[in-house]
Structure formats: structure tokens, C-alpha cells
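For reference, the structure is listed below as C-alpha cells.
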């Protein structure tokens, strides 16, 4: 079970390789504790693969990467049965999804049939091959990436799959000072090669049980519900947040409070996490999409329309 000191040790260890993006690292830890998956929407060269690999190495977890392409088949993800002539029997060769942290690189370049091969793993944390079920060892998290600029030859993720991602994040460009630090840090060698785990992956799994003891008051549960209802009633949207999104926002809030070293959720936790949980789930009306409306404006409109519970009364 992880305490605040060990959680900070993970963040600091990731920071030995990844310059900046401390908030993103916190969100990845939050998702890991909340049994969630993360969609990283960013242009190439921003360090997405390095970040995923560094996080896995910091917690002593197994890491695999799949480069999604149009010719990638579902069996390339889940695994296949093959005939072993020596043994004279069919054996199962596990696919890369049977790991702890999976980087699904450029997920939107695969055809929908291959994209959907991740659905069972994301929701039920298992894969089915030829009628056999293979559980995925915990902790398990998918980090999927997609390029928001280059859309030629891509297949947009369906709403059913987007809804299974807890967060959608973007690393963004580094500041001038951060980029100089990147150059200095990688001048001699890749610091990832010398990185060692600071915790055991099983400690992540054990810590999830502690989230049940993190307090979230009824007023905050009502606040989450009202945010979701406001998204469904928004004149700017044709698809608002599902009950699954409400549930994931609650889980994320519990995990984020724990990452911050608290045993209670604050209204600010929910307000901070709401855009990361909501953006990829909301669909603008055709009219407002044609006008070029930004989803960020809609989310700000929703949050300003829903009254925030008074913080003082929540911890009495």
C-alpha cells in the first residue's frame, strides 16, 4: 500500500526522465489507481512513449507497445493459437495486451475491427480467444495515443470506445527552459536506461482498496450528477455524459484525493478533473460544430451553470 511519500517518489522518479508535465504524471497515477485508461491526444515527438515506459519502469510493471496500422489484426493484439509440431497440440501465444501498461500508439490508424479488440480488455480486464478467457494481471492500464492534426488514413474512435477512457490529456509543447533541460538531460545518454523501480506494481493494486476509505460527501455526489445532467441538457451538445462517465469521475476524484495525500474529496478535485473526463465524451450539435465552437467553452458553460457545494461544510 502506497503512502504520500511513495507516491511522490514515483512522480520524482518519472521526473528524472520526463521534463515538466507534472500534472500529467499525477493524472496517470490517478488513472492507474482508479483502474482507468488514458487517451493522449498529441502530435508526434512529445515524449508519449517515453512517458509510458518511464511510468511502467518506476512501478516495476511490465510494459508493451503496439504500433497500430491499417493492416494490424485483432489477433495481433489479443494473441493466437498456433500448432506446435513438437508437442503436437495447439498452444496459445499471448498478445501484447496481456501486460500491465500497454501503449496503443496511434490507435486511430487501425481499422475499427482491430480497435474494438481492446474493448473487452478495457472494460472486463480480460481477453477471449477461441472461446477461452485469459484474465489480464493487475495493475492494467492502456495509454492510447492519436495525432489530432494528421487525419488522413485514420479511423475515428467510436463513442463506445472513447467512453472507456477515463481521461483525455495532451502533453503540449515544453517551455523554452524545459526544452533546454531536455537537451541537457539527453545529451550524453538516455536516463531511462538507468531508471529503477521505486515501488512494486502490487502496491498499486493494494492501494486501490484504500480508496474505499476516502470520503466523498453526498453533496459532492450530487454535484457530479448535476454536472452530468447539465451536459445532457446543454443546447450545444447532441451527446452528454453517460452514467459511466459520472461513475468514472467519482472514482477519479477519490484516486486524485489519495494522490494528493488526503482522505477526503474536495469540490476543487471534481472541478479540476471534469474537463479531462468530459471532453472526449461530449459531442457538439452539427450546427455548433460547423460554427467551430470549442468544447472547452461548453465545459466552462456547464461548470458555471452548476452550483459548487460549499467546501467548509463538507469536512465537518
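The values are calculated or read from the model by the stated rules, or taken from the named source; none is laboratory data. Source: prediction; values computed, not measured. FYI the Cβ positions are ideal-geometry reconstructions off the backbone, even for glycines, and counts take in every protein chain you see.
If the condition is being under 18 Å from residue 263 (Cβ atoms), touching a residue at least 60 places away in the same chain (Cβ under 8 Å) and buried (at least 16 other Cβ atoms within 10 Å of the Cβ), then segment 212-235 contributes 217, 220. Does segment 175-197 contain any residue that is crowded, with 19+ Cβ neighbours inside 10 Å and within 29 Å of residue 107 (Cα to Cα)? No, because not a single residue in segment 175-197 is crowded, with 19+ Cβ neighbours inside 10 Å and within 29 Å of residue 107 (Cα to Cα). From the list 145, 154, the one residue that fits, being assigned by TED's automatic domain parsing to the domain that holds residue 110 and surrounded by fewer than 19 Cβ atoms within 10 Å (Cβ to Cβ), is 154.
If you take the residues in segment 236-267 that are free of Cβ contacts under 8 Å to residues at least 60 places away in the same chain and in a helix (DSSP H, G or I), which one is surrounded by the most Cβ atoms within 10 Å (Cβ to Cβ)? Step by step, filter segment 236-267, then rank; the result is 253. Listed residues 204, 182; which is in a helix (DSSP H, G or I), at pLDDT 90 or above and within 21 Å of the chain's Cα centre (by Cα)? Answer to the selection: 204.
Restricting to segment 162-179, and then to whatever is part of a loop (DSSP other than H, G, I, E, B) and in contact with a helix residue (DSSP H, G or I) (Cβ under 7 Å, 6 or more places away or on another chain), can you tell me which residue is nearest to residue 243 (Cα to Cα)?
So the residue we want is 163.
Just a yes or no: is a residue in segment 189-196 in a loop (DSSP other than H, G, I, E, B), closer than 23 Å to residue 53 by Cα, modelled with pLDDT of 90 or more and assigned by TED's automatic domain parsing to the domain that holds residue 44? Yes, the conditions are met somewhere in segment 189-196.
Identify the residue in segment 103-150 that is assigned to a loop (DSSP other than H, G, I, E, B) and touching a helix residue (DSSP H, G or I) at 6+ places or on another chain (Cβ under 7 Å) and, among all such residues, is nearest to residue 39 (Cα to Cα). So, considering only residues that are assigned to a loop (DSSP other than H, G, I, E, B) and touching a helix residue (DSSP H, G or I) at 6+ places or on another chain (Cβ under 7 Å), the one nearest to residue 39 (Cα to Cα) is 139. Here residue 159 does not fit the description of being without any contact (Cβ under 8 Å) to a residue 60 or more places away in the chain and in the same structural domain as residue 36 (by TED's automatic domain parsing). Counting only helices (runs of 4 or more DSSP H) that sit wholly inside segment 1-85, those with at least 1 residues that are over 28 Å from residue 211 (Cα atoms) and not assigned by TED's automatic domain parsing to the domain that holds residue 244 are 48-58, 74-78. Residues of segment 274-296 being part of a helix (DSSP H, G or I) and without any contact (Cβ under 8 Å) to a residue 40 or more places away in the chain, which ones? Result: 275, 287, 289, 290, 295, 296.
Filtered by the rule that a residue be closer than 16 Å to residue 304 by Cβ and at pLDDT below 95, segment 270-289 gives a lone residue, 282. Among the residues of segment 76-94, those that are over 9 Å from residue 114 (Cβ atoms) and in contact (Cβ under 8 Å) with a residue 24 or more places away in the chain comprise 78, 79, 80, 81, 92, 94.
For the structure I just gave you, tell me whether residue 140 is closer than 30 Å to residue 282 by Cβ, more than 17 Å from the chain's Cα centre (by Cα) and surrounded by 12 or more Cβ atoms within 10 Å (Cβ to Cβ).
Values: closer than 30 Å to residue 282 by Cβ: yes; more than 17 Å from the chain's Cα centre (by Cα): no; surrounded by 12 or more Cβ atoms within 10 Å (Cβ to Cβ): yes.
So residue 140 fails the test.
Filtered by the rule that a residue be surrounded by fewer than 14 Cβ atoms within 10 Å (Cβ to Cβ) and either not assigned by TED's automatic domain parsing to the domain that holds residue 230 or not in a helix (DSSP H, G or I) (or both), segment 297-307 gives a lone residue, 307.
Just one of the numbered conditions (1) in contact with a strand residue (DSSP E or B) (Cβ under 8 Å, 6 or more places away or on another chain); (2) part of a loop (DSSP other than H, G, I, E, B); (3) more than 19 Å from residue 32 (Cβ to Cβ) is not true of residue 153: (1).
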